[in-house]
Structure formats: structure tokens, C-alpha cells
Amino acid sequence: MYKRFESSKDISYLREFTPEEMLLVYLQAVARGDADLIYLFTYNGGKLPAADTFRQQYYDELSNKELESSLKMRYYDSVTAQQDAATEAERTVVISASIGLYTSQIAYGLKQEQGIWKMDIYHLIEHAKQP
């Protein structure tokens, strides 16, 4: 289904993906540096700018940090979704990777939009733009 989405850019192919799977899709797009795909599965919530603006902001403010995270987690041990108490349409997904005694974890928020789990990352870009 991901390959169909990737070639057609039709987000409906990702409708059956779990929050955990969507996080892995996101990290793959991050590793590829594909801001256009990232835009398609970023939660809008009425704040997402046009694709061109998002792409520029993503590359300016977030891509290096997220690429580092993606590379750090490429040999992940687990991906676990935790339901937020507030709503059925929100999840926190924690990905972790271990090497010897060292364990690293990163938590991402996902929200459902039109029945599809999407990455809630735009606030990270907005935060990075602040002085």
C-alpha cells in the first residue's frame, strides 16, 4: 500500500496504517529527504501552510534534526503507540533503539484526520522559527 501511495500521492492508500506504521513511513520519508511526502501525511489542524511554504520551512527548520533522529532510530527495537486519555483520535508513538547499555527513545504525536493517522509535527517547525 505504501508503494501505491508513494507513486500516486493518494493518501487514501494509508487509511489502514496504524500509528506505529505511519511513524515508520514518516521516518523513511525523512531519511529520503522527501518533504513532499512528509507534507501529505502531516496533520493539518488548520495550521498547515501551502506545500511550497511547508517544504521550505521543513528544510530550513526541521530536516536536519529529524534526519539525525531517523538515522539514530534506523535499527529500532520497538515502536509502541499509547492512547492519549483525551481523545480516540490522538496517539503518542514511542520508538526506541538500544545498543549495549545505551537506549534512546523518541516520542511523536499523531492525530487522525479524515480517518488517516497523520504526524503532528508542524508545531516543531513553528517552535524552531521562534527566536
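We did not get these values from a lab; they are worked out from the coordinates using the rules stated. These numbers were taken from a predicted model, which means no experiment stands behind them. Positions of Cβ are backbone-derived with ideal geometry, glycine not excepted, and every protein chain shown enters the neighbour counts.
Some notes on this structure:
- Failed condition for R32, given (1) surrounded by 13 or more Cβ atoms within 10 Å (Cβ to Cβ); (2) in contact (Cβ under 8 Å) with a residue 24 or more places away in the chain: (2)
- Residue within the range 63-84 that is exposed (fewer than 12 other Cβ atoms within 10 Å of the Cβ) and basic (K, R) present: yes
- Taking the criterion of being in a strand (DSSP E or B) and of a type outside the set (F, W, Y), the residues of the range 109-131 that qualify are G109, L110, K111, Q112, E113, I116, K118, M119.
- Considering the range 1-108, the qualifying helices (runs of 4 or more DSSP H), each wholly inside and each with 2 or more residues that are farther than 22 Å from A128 by Cβ and out of contact with any Phe, Trp or Tyr (no Cβ under 8 Å at 6 or more places or on another chain), run over 2-8, 19-32.
- The residues of the range 47-62 that are loosely packed, with under 12 Cβ neighbours inside 10 Å and either more than 24 Å from D36 (Cβ to Cβ) or among the basic types (K, R) (or both) amount to a single one, K47.
- Per the conditions (1) of a type outside the set (A, V, I, L, M); (2) in contact with a helix residue (DSSP H, G or I) (Cβ under 8 Å, 6 or more places away or on another chain); (3) farther than 16 Å from D34 by Cα; (4) surrounded by fewer than 17 Cβ atoms within 10 Å (Cβ to Cβ), the sole criterion not satisfied by W117 is (4).
- Look at (1) out of contact with any Ser or Thr (no Cβ under 9 Å at 6 or more places or on another chain); (2) on the phi < 0 side of the Ramachandran plot and you find that G45 fails only one, number (2).
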